[in-house]
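What follows is calculated from the coordinates using simple rules that are stated; it is not laboratory data. As the structure is a prediction and not an experimental result, all values here were calculated from the model. Using ideal geometry, Cβ is built from the backbone for each residue, glycine included, and neighbour counts are taken over all protein chains shown.
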Amino acid sequence: MTLAACWTKFDSRFLELVIGIGLLLVGLFQALFPILGVTGPFPPIDTRDVDLRSTAQVPHLASGGTVLRGTHHAELAVGDPGLGDRVLLAAPEVLRAVLIIVILSVLLRMAATFRTGDVFVPANVRRLFAVSTAVLLLGVAAPAFDMLTTNALVSGTALEDAVEIGFTVRASTVLLAVLIAALAGAFGHGARLRADTEGLV
């Protein structure tokens, strides 16, 4: 029995439902709520996890309304953040949410093709390359944006010398993006084989 025979329309609908719920949750909690925190109706994000330049004890280092609590890994807490601070604190999370929403939206459109049992279509090749690009941005651009906004938050304050400004690219994320791109190539090969087979009929 082939995988296509085992996969039913109910399975496709269930997969689409799961992805749709994921889209809703990410859109609400990682995008909409942080944005509403910036604009006022919701409590704003007022903390950011940061790394310190050394393991020296910094139990309560403050600069105005901004407080640093921790040792090597610390929490940067901004008391009564202004509009600029709220934007800087929320922006990286919103960026991650947008990229995840893009990934889930593309996967939702791919899942819709499972209902017809025809996944080797050129559109799915493009969709997989789009997912690969979004995953790569999630692993590289998002941490870089986090670094830039953290630098803007502490720049010119007494905390500037204590906070380590940098970012790390996870090899696992880059590898995942490469694997998805390879899968897109395999889908493209499958689509060409199907087209060649149909041409022989």
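Between the beta carbons of LEU179 and ALA77, assuming R0 = 41 Å, the FRET efficiency works out to 0.60 to the nearest 0.05.
Ignoring everything except DSSP H segments at least 4 long, calculate the 222 nm mean residue ellipticity for the chain; use -39,500 (n - 2.57) per segment, divide by total residues, nearest 500.
Details: 6 runs with 124 residues, N = 201.
Calculated at 222 nm, the ellipticity per residue is -21500 deg cm²/dmol.
So what is the relative contact order of segment 94-181, in percent, for Cα pairs below 8 Å that sit 6 or more residues apart? Write out the running numbers ahead of the final one.
On the way: 64 pairs, mean separation 31.4, N = 88.
Here the relative contact order equals 36 percent.
Residues whose amide H lies under 5 Å from that of GLU164, counting only those 5 or more places away or on a different chain, are ASP51, LEU52, ARG53; hydrogens are built 1.01 Å from N in the peptide plane.
Placing +1 on the Cβ of every Lys and Arg and -1 on the Cβ of every Asp and Glu, with no other charges, gives the chain a dipole of roughly 800 debye about its Cα centre.
For mean projected area of the Cα convex hull in nm², computed directly from the structure shown, the correct entry in (i) 14.4; (ii) 12.8; (iii) 20.5 is (i).
Annotation: for a label point projected 7 angstrom from Cα along Cα→Cβ of ARG13, residues of segment 91-128 with backbone N closer than 13 Å are 115.
Once you place label points 7 Å from the Cα toward the Cβ at ALA123 and ARG170, how far apart are they in nm? Between ALA123 and ARG170, the simple spin-label model gives 3.1 nm.
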